[in-house]
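Step one of this worksheet: look at the structure below.
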Amino acid sequence: MNAMLLLVQRLSYDVEEEIYSEVSLAIEKPEAYFEKFKDRLDERGIDSPIDQLAWISLVDALLDHDLAFEIDWKESGLYLCDVVDELLDRKKMACISWEDFEDGEFDELPTSQYLNEISKGLSEKGISLACLDMESDCYVLITVPSTDINEIKELAQEAGYRIQDSFEVEDEDGTTMNGFCS
């Protein structure tokens with residue numbers, strides 16, 4: 001679980017101790033974590049400690065500290081820009097202009113393509129938009145410096161989870177399709 005704890009360090013920004021404490025509790029004492037956060041876990045349909053508890057604890061702690069934002073797979077439009085603005089503001093990252101998005105050119109795009117367009121704009125500022133894979137029909141979005149994204153993805157993989165910085169998925173035969181983060 002070293003990779004998970006290193007991931008906590010890389011994603012926790014200015015609340016590392018709080019998030020580290022939650023994730024450590026989930027790893028070391030899953031029953032105690034479950035009891036402490038029973039209401040939060042109940043909202044996710046989790047009624048007993050599960051193998052993915054450390055990952056869930058990381059995601060929920062990031063959400064609680066506004067370092068991540070969970071959206072439905074079918075959100076679109078300027079709402080997504082507002083979400084990303086909040087994530088950027090929370091970490092005091094560069095602001096970007098949403099001018100290209102205000103003319104409605106991207107409004108008809110599926111969420112995955114819209115997020116990829118946002119991601120392109122962010123990459124010009126050295127920022128990566130990424131998704132913590134919850135194996136559900138939602139996106140748990142984060143923003144990180146582009147220089148950190150590969151390490152963060154590798155740490156997640158080493159811990160047994162996935163962080164994506166592309167919002168397209170491949171089906172079983174390798175065909176790229178638009179979809180949600182799973």
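A few comments on the model shown:
- Checklist (1) aromatic (F, W, Y); (2) open to solvent by 60 Å² or more (accessible area, probe 1.4 Å); (3) not in a helix (DSSP H, G or I) applied to F106, failing item: (2)
- Restricting S119, S123 to residues that are within 15 Å of V83 (Cα to Cα) and modelled with pLDDT of 90 or more narrows the list to S119.
- Candidates L63, L5, L67, L25: the one that is under 30 Å from S112 (Cβ atoms) and assigned to a helix (DSSP H, G or I) is L63.
- Residue list for region 134-153, filter: part of a loop (DSSP other than H, G, I, E, B) and in contact with a helix residue (DSSP H, G or I) (Cβ under 7 Å, 6 or more places away or on another chain): M134, S146, D148
- Count of region 136-148 residues, restricted to those that are more than 12 Å from the chain's Cα centre (by Cα) and of a type outside the set (S, T, N, Q), is 3.
- Leading residue by the ranking (farthest from R162 (Cα to Cα)) among those in region 53-75 that are at pLDDT below 95 and open to solvent by 80 Å² or more (accessible area, probe 1.4 Å): K74
- Those residues of region 34-62 which are touching a Leu at 6+ places or on another chain (Cβ under 8 Å) and over 22 Å from C138 (Cβ atoms), in sequence order: K36
- Of all residues in region 19-37, exactly one satisfies the criterion of being under 18 Å from K91 (Cβ atoms) and open to solvent by less than 90 Å² (accessible area, probe 1.4 Å), namely I19.
- Subset of region 112-133 [open to solvent by 30 Å² or more (accessible area, probe 1.4 Å), on the phi < 0 side of the Ramachandran plot and in a loop (DSSP other than H, G, I, E, B)]: E124, K125
- Checking each residue in region 76-96 for being open to solvent by less than 60 Å² (accessible area, probe 1.4 Å) and without any contact (Cβ under 8 Å) to a residue 40 or more places away in the chain picks out S76, G77, L80, C81, D85, A94, I96.
The values are calculated or read from the model by the stated rules, or taken from the named source; none is laboratory data. These numbers come from a predicted model, not from an experiment. All Cβ positions, glycine included, derive from the backbone under ideal geometry; neighbour counts span all protein chains shown. Surface areas here come from the heavy atoms of the whole protein model, side chains and all, with no ligands, DNA or RNA. Shrake-Rupley method; radii C 1.70, N 1.55, O 1.52, S 1.80 Å.
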